[in-house]
């Protein structure tokens, strides 16, 4: 590229401007609002639908019970800010293993790339969940990524292979088994149905 130097200079200038916006984001971000910083823009998330909230809550309940029972690390839900090299996200659910959580502080407000992330789709976030976040999580070594369609009641499970996500499972029935957490095995229906969730929770608690 004969204009490589000029291109690099423009990129450097653009990133400098973006970092200024990011510092402003850190000043105004609030605990009671869901806010993300994506590719230079501050994104305010709208309230979610009941089906979105239910799927998030039901899965988080099962995942947290399993992780606490086995003392494997930390499960975060919705309001923990994940700060990557360029962007800041508040995933619906995320998990960090003990190797990372050993350095966490009680008053910490920014966190490194999780080992496992779950995003529940909504009309306003689906594009980012499937494109920007999909690429960014992979680039930063998030080993496992689930995308949940709460309306169609489908889970997509991706695992990082050679720095790219590979689809392992896409289903609305049967069971799903974690890769980062290989002993975490639950019925897919337990993410969408409260009675199924209760049965799965009882099974987890009985072990």
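Counting only residues that are out of contact with any helix residue (DSSP H, G or I) (no Cβ under 9 Å at 6 or more places or on another chain) and either over 17 Å from residue 185 (Cα atoms) or at pLDDT below 95 (or both), how many does region 58-75 have?
Looking only at that region, the number is 0.
Report, ordered by the first and then the second residue, all pairs with beta carbons closer than 8 Å, sequence separation of six or more or different chains, a first member in region 35-50 that is on the phi < 0 side of the Ramachandran plot and exposed (fewer than 14 other Cβ atoms within 10 Å of the Cβ), and a second member that is modelled with pLDDT of 90 or more and assigned to a helix (DSSP H, G or I).
Filtered contacts from region 35-50: 41/21.
Go through region 122-146 and count every residue that is in a loop (DSSP other than H, G, I, E, B) and either closer than 19 Å to residue 180 by Cα or touching a residue at least 60 places away in the same chain (Cβ under 8 Å) (or both).
First, the residues of region 122-146 that are in a loop (DSSP other than H, G, I, E, B): 122-125, 131, 140-143.
Next, from what is left, pick out any that are either closer than 19 Å to residue 180 by Cα or touching a residue at least 60 places away in the same chain (Cβ under 8 Å) (or both): 122, 124-125, 140-143.
Counting residues in region 122-146 that are in a loop (DSSP other than H, G, I, E, B) and either closer than 19 Å to residue 180 by Cα or touching a residue at least 60 places away in the same chain (Cβ under 8 Å) (or both) gives 7.
Condition test on residue 117, is it part of a loop (DSSP other than H, G, I, E, B), under 18 Å from residue 59 (Cα atoms) and in contact with a strand residue (DSSP E or B) (Cβ under 8 Å, 6 or more places away or on another chain)? Before the answer, list the steps.
Details: part of a loop (DSSP other than H, G, I, E, B): no; under 18 Å from residue 59 (Cα atoms): yes; in contact with a strand residue (DSSP E or B) (Cβ under 8 Å, 6 or more places away or on another chain): yes.
It is false that residue 117 is part of a loop (DSSP other than H, G, I, E, B), under 18 Å from residue 59 (Cα atoms) and in contact with a strand residue (DSSP E or B) (Cβ under 8 Å, 6 or more places away or on another chain).
Which of the strands (runs of 3 or more DSSP E) found entirely inside region 1-109 contain at least 1 residues meeting this: within 20 Å of residue 127 (Cα to Cα)? Lay out the reasoning, then the answer.
Numbers: elements: 35-38, 41-44, 73-77, 81-83, 93-97.
Filter on region 1-109 gives 35-38, 41-44, 81-83, 93-97.
The values are calculated or read from the model by the stated rules, or taken from the named source; none is laboratory data. As the structure is a prediction and not an experimental result, all values here were calculated from the model. We place every Cβ from the backbone using ideal geometry, glycine too, and count neighbours over all the protein chains shown.
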